[in-house]
Amino acid sequence: MPGHATPPAHLELEGWRHVYSGKVRDLYEPATPHPRGDVVLVVASDRISAYDWVLPTEIPGKGGILTGLSLWWFDQVLDIVANHTVEAPVPAEVEGRAMVCKRLDMFPVECVARGYLTGSGLAEYRESGTVCGIPLPPGLVDGSRLPEPIFTPATKAEVGEHDENVDFDAVVALIGREDAEALRDLTLALYTRAHEIAAAKGIILADTKFEFGRDGSGAIILGDEVLTPDSSRFWPADEWEPGHAQPSYDKQFVRDWLTSPESGWDKRSDVAPPALPADVVERTRARYVEAFDRLAKH
């Protein structure tokens, strides 16, 4: 299955028991009762995924950048929704790229907000004039700003499978109308806030995904990572030019190389992707660093 060429390696951490590895994150639970209650340790690795594969080459420092950026964004939106982080020390081996978090009962929905047309949304629009069943005006092109941000959810897939875009009614059928409306409203409020913050720093937030869950008290809580280059499309505002794919602060160099003749890899095959060349690793790392510096340091 794509994404499972080899199981991702994980660290053995004293006081914590490894329970799960996703594409780029490792999850641990306390080996003994934790003073902060029912918590988990979320460790961001330097792994990178593309086209539903975990690649054999890591991006140095990526885990720390994603964790630092998530923690910064959590603070920027705390008045909109609480998040799953708790104040507690993490093991020294993973300091800077790990968070102790409340254990949540996660909703089985990827909560995506789009303010611009690109990616899978553009493909659907070209076919039907809609994105996740939402009608859009005619004449939009790759990179067009939408009249207003839209909620375009997806159902979560297993590692190695594609998330499936669905319409709002499908979310209602899955989790009920009240929760579906709450997740939609939170997603759009978070996107609007983040878009304003990023715009003030010369960056366009084209789209992003959030994940929510309930904590032990039943409250809806923001979880996972938030507003990172792995979960969002960030574009340099001064280079935005609708009509073609935009330069972005994400895995652009990785995707471009993997689909180039130089890589020799066919993304439609069941063969694992090859190792990344050093220049692609460095250019990708530089984009992650630049995104962090422009957003969180200014």
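The values are calculated or read from the model by the stated rules, or taken from the named source; none is laboratory data. Just so it is clear, the structure is predicted and the values come from calculations on it, not from any experiment. For neighbour counting, all protein chains shown are included, and Cβ atoms are generated from backbone atoms with ideal geometry for every residue, glycine included. Surface accessibility is based on the protein's heavy atoms, side chains included, excluding ligands, DNA and RNA. Shrake-Rupley method; radii C 1.70, N 1.55, O 1.52, S 1.80 Å.
Protein heavy-atom surface of segment 135-258, 1.4 angstrom probe: 49% of the accessible area is carbon and sulfur, with nucleic acids and ligands not counted.
For the chain, which DSSP H helices look membrane-span-like by this rule: Cα extent along the axis of 20 Å or more and mean Kyte-Doolittle of at least -0.5?
62-76, 177-199, 278-296
With a cut-off of 15 Å between beta carbons, the residues surrounding Glu262 carry a summed charge of 0, where Lys and Arg count +1 and Asp and Glu -1.
Of the residues Leu136, Leu227, Trp72, the one whose Cα sits farthest towards the positive end of the charge dipole of the chain is Trp72 (charges of +1 on Lys and Arg Cβ, -1 on Asp and Glu Cβ, taken about the Cα centre).
Count charges around Gly218 for me, please; just the other residues with Cβ under 12 Å from its Cβ, Lys/Arg as +1, Asp/Glu as -1.
Working: positive: Arg214; negative: Asp105, Asp179, Asp215.
So the environment of Gly218 carries a net charge of -2.
Taking amide H positions as modeled 1.01 Å from N, with prolines and chain starts lacking one, the residues under 5 Å from Trp16 and 5 or more places away or on another chain are Ala31. Please report the net charge: other residues with Cβ closer than 15 Å to the Cβ of Gly15, K and R +1, D and E -1. That works out to -4. So how far, in whole Å, is the C-alpha centre of segment 36-71 from the one of segment 118-132? Segment 36-71 and segment 118-132 have Cα centres spaced 29 Å from each other. For the chain, the number of Lys pairs with C-alpha atoms closer than 23 Å, counting only pairs eight or more positions apart or on separate chains, is 22. Think of the chain as having a plus end and a minus end, set by charges on the Cβ of Lys, Arg, Asp and Glu; of Pro33, Ser260, Gly61, Gly61 sits farthest toward the positive end of this dipole. Per residue, the chain exposes 47 Å² of solvent-accessible protein surface, assessed with a 1.4 angstrom probe and all protein chains in place. For segment 194-298, what does the alpha-carbon gyration tensor say about shape, rounded, prolate or oblate, given a ≥ b ≥ c as the root eigenvalues, a/c under 1.5 as rounded, and a/b over b/c as prolate? Verdict is oblate for segment 194-298.
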